[in-house]
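This is the structure, below, for whatever I ask next.
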Amino acid sequence: MPDFAYVARDAAGQRVTGSIAAASQREAVTLLTGQALFPLHITSARVKGPLIGGGVKGQTMAVTYSQMASLLRSGVPLLRSLEVLRKQVTNKTLSRVLGEVRDRVEQGSTLGDAMARYPRVFSEMAINMVRAGGEGGFLEEALERVAQFTEQQEDLKARTVGALAYPVFLAVVGSTIVTALIIFFVPQFDELFRSLRDQGELPVLTEWLLWFSKSLKSWGLLLLLALIMAVVAVRAKLATEEGRVLRDRVKLRLPLLGPVFLSLAVARFCRVLGTLLRNGVPILKSLEISRETSGNRVLAEAILGASENISAGQSLAAPLGASGHFPATVVEMISVAEESNTLDKVLVEIADSLEKQTSRRLDLAVRLLEPVLLLFLAGAVLFVVIALLMPVIKMSNTI
């Protein structure tokens with residue numbers, strides 16, 4: 001089982017810290033309560049294990065999941081399947097991890113718990129799906145579904161990277177040229193415009209451009225250092241639970257890309273929940289697993305509220321709609337599916353529809369990005385040219 005680090009208070013009000021093994025965060029709370037402890041904060045403390053050579057590519061993991069599902073479906077025992085995969089994979093890191101996973105399974109651990117010790121290799125979605133498959137008796141289908149998810153994500157990532165290659169190249173080259181223009185070319189006009197400055201006739205745009213050029217040349221290294229420190233600080237903040245929640249909230253509010261991130265998270269949640277329900281996993285357990293696989297903590301909080309409503313005997317659609325994060329059409333379809341007892345089937349259909357819409361939205365966002373970058377760079381160059389030409393024209397008129 002994975003470990004959870006906790007901060008709690010005992011019966012005397014003293015602050016207590018430690019770790020506890022539990023299948024989920026909710027179970028950790030129950031266990032701590034049974035020990036007469038009041039939990040204040042609980043976070044995952046899974047052992048990552050040393051990895052040689054870093055992580056493993058998503059496409060490699062997709063093939064591995066698919067092959068494991070095929071072996072199990074053919075009647076090959078789990079331990080034998082893990083050994084076969086360990087011997088045939090060419091990635092040294094994955095081979096070593098599969099060997100350690102096999103050893104832990106042989107010692108009595110479940111496949112999901114063994115995988116949970118290597119979050120740099122196995123995604124959270126894969127771990128939760130495998131756990132559900134092991135508990136519900138549909139491990140082969142769970143692995144096949146994880147393989148499909150992983151392959152879809154890798155295809156989406158590849159298409160996105162390919163589409164963004166030119167805009168990114170354009171942004172880097174254009175920014176470099178504009179920066180070099182401001183630092184090395186603009187200062188050459190400072191002496192030429194000195195007489196206009198002394199007479200107080202230098203245009204404001206030109207004055208600002210010369211000041212910015214001088215400042216950038218004098219303080220450029222310090223600004224670069226400050227930028228690097230800011231990036232490091234942001235990365236450290238994002239490593240905390242509070243930072244991850246803030247990041248997910250910002251992702252949902254981004255222009256153009258916000259709806260894409262939301263649709264992907266909702267589609268993943270619907271597909272996992274539908275798959276679990278179709279295989280007989282209870283609704284509360286299914287919600288707990290699918291909440292973790294949504295990939296967005298803001299959405300996960302809304303799903304947690306829905307779980308509490310269901311525990312009280314209410315419907316799933318109402319709290320999801322009240323959260324404001326689920327599209328109205330999705331909420332309405334879930335509501336109708338609950339009444340007709342076809343929730344598992346409808347959820348998968350919702351996921352298919354959202355993924356198609358997301359693909360179109362992503363293509364549109366990428367297509368819009370290129371002209372926006374061109375306009376921005378053209379505007380920057382135009383500003384420099386106008387700021388330098390205005391005093392030249394004024395001097396010509398004076399002569």
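The values are calculated or read from the model by the stated rules, or taken from the named source; none is laboratory data. As the structure is a computational prediction, the values presented were derived from the model and not from experiment. Note that we place each Cβ from the backbone using ideal geometry, even for glycine, and neighbour counts take in every protein chain shown.
With the structure loaded, tell me whether residue 182 is among the hydrophobic types (A, V, I, L, M, F, W, C) and in contact (Cβ under 8 Å) with a residue 24 or more places away in the chain or whether it fails that test.
Judged against the criteria, residue 182 is a match.
Report yes if some residue within the stretch 150-158 is in the same structural domain as residue 360 (by TED's automatic domain parsing), assigned to a helix (DSSP H, G or I) and buried (at least 22 other Cβ atoms within 10 Å of the Cβ); otherwise report no.
Yes.
A further question on this structure: Could you go through the stretch 81-88 and let me know if any residue there is touching a residue at least 40 places away in the same chain (Cβ under 8 Å) and either basic (Lys, Arg) or on the phi > 0 side of the Ramachandran plot (or both).
No, because not a single residue in the stretch 81-88 is touching a residue at least 40 places away in the same chain (Cβ under 8 Å) and either basic (Lys, Arg) or on the phi > 0 side of the Ramachandran plot (or both).
Check whether at least one residue in the stretch 102-116 is modelled with pLDDT under 80 and either in the same structural domain as residue 269 (by TED's automatic domain parsing) or within 19 Å of residue 272 (Cα to Cα) (or both), and report yes or no.
No.
Restricting to the stretch 105-121, give me the number of residues that are surrounded by 19 or more Cβ atoms within 10 Å (Cβ to Cβ) and among the basic types (Lys, Arg).
The total comes to 1.
Check residue 282 against each of (1) under 23 Å from residue 312 (Cα atoms); (2) modelled with pLDDT of 85 or more and name the one condition it does not meet.
If we test residue 282 against (1) under 23 Å from residue 312 (Cα atoms); (2) modelled with pLDDT of 85 or more, just (2) comes out false.
Quickly run through the stretch 71-92 and pick out the residues that are under 29 Å from the mean Cα position of the chain (by Cα) and surrounded by fewer than 16 Cβ atoms within 10 Å (Cβ to Cβ).
If the condition is that a residue be under 29 Å from the mean Cα position of the chain (by Cα) and surrounded by fewer than 16 Cβ atoms within 10 Å (Cβ to Cβ), then 90, 92 are the ones that fit.
I've got another one for you. Quick one: which of 304, 373 is modelled with pLDDT of 80 or more, in a helix (DSSP H, G or I), under 30 Å from residue 282 (Cβ atoms) and of a type outside the set (Lys, Arg)?
It is 304.
Restricting attention to the stretch 169-210, and to residues there that are among the aliphatic types (A, V, I, L, M) and farther than 17 Å from residue 380 by Cα, which single residue is surrounded by the fewest Cβ atoms within 10 Å (Cβ to Cβ)? Full working, then the answer.
Just the residues of the stretch 169-210 that are among the aliphatic types (A, V, I, L, M), to begin with: 170-173, 177-178, 180-183, 186, 192, 196, 202, 204-205, 209-210.
After this cut, where a residue has to be farther than 17 Å from residue 380 by Cα as well, the list is 192, 196, 202.
Values: 192: 12, 196: 19, 202: 18.
Per the criteria, the residue is 192.
Is the stretch 89-100 home to any residue that is part of a loop (DSSP other than H, G, I, E, B) and in contact (Cβ under 8 Å) with a residue 24 or more places away in the chain?
Checked against the condition, which is being part of a loop (DSSP other than H, G, I, E, B) and in contact (Cβ under 8 Å) with a residue 24 or more places away in the chain, the stretch 89-100 yields at least one hit.
Looking at (1) part of a loop (DSSP other than H, G, I, E, B); (2) touching a Lys or Arg at 6+ places or on another chain (Cβ under 6 Å); (3) not aromatic (Phe, Trp, Tyr), can you tell me which one residue 121 breaks?
(2)
Next question, about the same structure. Given the condition over 15 Å from the mean Cα position of the chain (by Cα), among the small types (Gly, Ala, Ser) and assigned to a helix (DSSP H, G or I), answer yes or no: does some residue in the stretch 232-253 qualify?
Yes - at least one qualifying residue is present in the stretch 232-253.
Can you pull out the residues in the stretch 302-323 that are without any contact (Cβ under 8 Å) to a residue 12 or more places away in the chain and exposed (fewer than 14 other Cβ atoms within 10 Å of the Cβ)?
308, 312, 313, 314, listed by residue number.
Name the residue, out of 382, 354, that is assigned to a helix (DSSP H, G or I) and surrounded by 13 or more Cβ atoms within 10 Å (Cβ to Cβ). Break it down into steps so the answer makes sense when it comes.
On the way: 382 fails: surrounded by 13 or more Cβ atoms within 10 Å (Cβ to Cβ).
After ruling out the rest, the residue left standing is 354.
Moving on to the next point. Would you pick out the residues in the stretch 18-30 that are surrounded by fewer than 16 Cβ atoms within 10 Å (Cβ to Cβ) and either at pLDDT below 75 or basic (Lys, Arg) (or both)?
18, 19, 21, 26, 27
List, please: which pairs have Cβ atoms under 6 Å, are six or more places apart or on different chains, and start with a residue in the stretch 226-243 that is at pLDDT 85 or above and end with one that is part of a helix (DSSP H, G or I) and among the aromatic types (Phe, Trp, Tyr)?
Sorted first by the residue in the stretch 226-243, then by its partner, the list stays empty.
Can you tell me which of (1) of a type in the set (Gly, Ala, Ser); (2) surrounded by 12 or more Cβ atoms within 10 Å (Cβ to Cβ); (3) within 16 Å of the chain's Cα centre (by Cα) is the one residue 213 doesn't meet?
All conditions pass for residue 213, except number (3).
List every residue pair whose Cβ atoms lie under 8 Å apart, where the two residues are 6 or more positions apart in sequence or sit on different chains, the first residue falls within the stretch 124-135 and is at pLDDT 80 or above, and the second residue, located anywhere, is acidic (Asp, Glu).
Taking only residues 6 or more apart or on different chains, the pairs are 131/113; 133/140; 133/141.
Among the residues of the stretch 31-67, how many are farther than 30 Å from residue 84 by Cβ and either modelled with pLDDT of 75 or more or part of a strand (DSSP E or B) (or both)?
Residues that pass the stated criteria total 14.
Suppose we filter 315, 218, 213 for residues that are more than 30 Å from residue 164 (Cβ to Cβ), among the hydroxyl-bearing types (Ser, Thr, Tyr) and not in a helix (DSSP H, G or I); which single one remains? So that I can check it myself, show each step before the final result.
Numbers: 218 fails: not in a helix (DSSP H, G or I); 213 fails: not in a helix (DSSP H, G or I).
Just one listed residue meets the conditions, 315.
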